[in-house]
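For reference, the structure is listed below as structure tokens.
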Amino acid sequence: MRIIVHLTPKASQNKVEGWTEDVKGEKILRVKVTAVPESGKANDALIKLLSAFFKVPKSKISLIRGATSRVKHLDIQEDG
């Protein structure tokens, strides 16, 4: 499954806020993490949080696009 995430780093808490739509009608998952956006720390925190949220191992989540952007495209491999 491919998802688009809007990530807010340096937030007060780690939180998956929920789904929203952009102007094109694409579904976007809004996520906040406490980690800073340096050396991939915010990306690592995002993957850890989504791993728990979707109940999949971290190794099943790949960052496809947006490593240095707030808007990220991720691939989550489902079991089966």
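The values are calculated or read from the model by the stated rules, or taken from the named source; none is laboratory data. No experiment lies behind these values; they were computed from the predicted model shown. Glycine also receives a Cβ, built like all others from the backbone with ideal geometry; neighbour counts cover every protein chain displayed.
Residues in region 33-49 include none that are touching a Phe, Trp or Tyr at 6+ places or on another chain (Cβ under 6 Å) and at pLDDT 95 or above. If we keep just the residues of region 21-66 that are more than 16 Å from Thr8 (Cβ to Cβ) and among the aliphatic types (A, V, I, L, M), which is farthest from the chain's Cα centre (by Cα)? Only one residue fits best here, namely Val23. Considering only residues in region 3-41 that are charged (D, E, K, R) and within 13 Å of Val71 (Cβ to Cβ), the one that is surrounded by the most Cβ atoms within 10 Å (Cβ to Cβ) turns out to be Arg30. Of the conditions (1) more than 20 Å from Gln13 (Cβ to Cβ); (2) under 9 Å from the mean Cα position of the chain (by Cα), Gln77 fails just one. Which one is it? Condition (2) is where Gln77 drops out.
When the criteria are applied in full, Ala52 fails the requirement of being surrounded by 14 or more Cβ atoms within 10 Å (Cβ to Cβ) and among the small types (Gly, Ala, Ser).
Being among the acidic types (Asp, Glu), surrounded by 10 or more Cβ atoms within 10 Å (Cβ to Cβ) and in a helix (DSSP H, G or I): is that true of Asp44 here? Yes: the conditions hold for Asp44.
I'd like to check something: does region 27-40 contain any residue that is among the polar types (S, T, N, Q) and in a loop (DSSP other than H, G, I, E, B)? Within region 27-40 (the criterion being among the polar types (S, T, N, Q) and in a loop (DSSP other than H, G, I, E, B)), the answer is yes, since at least one residue qualifies.
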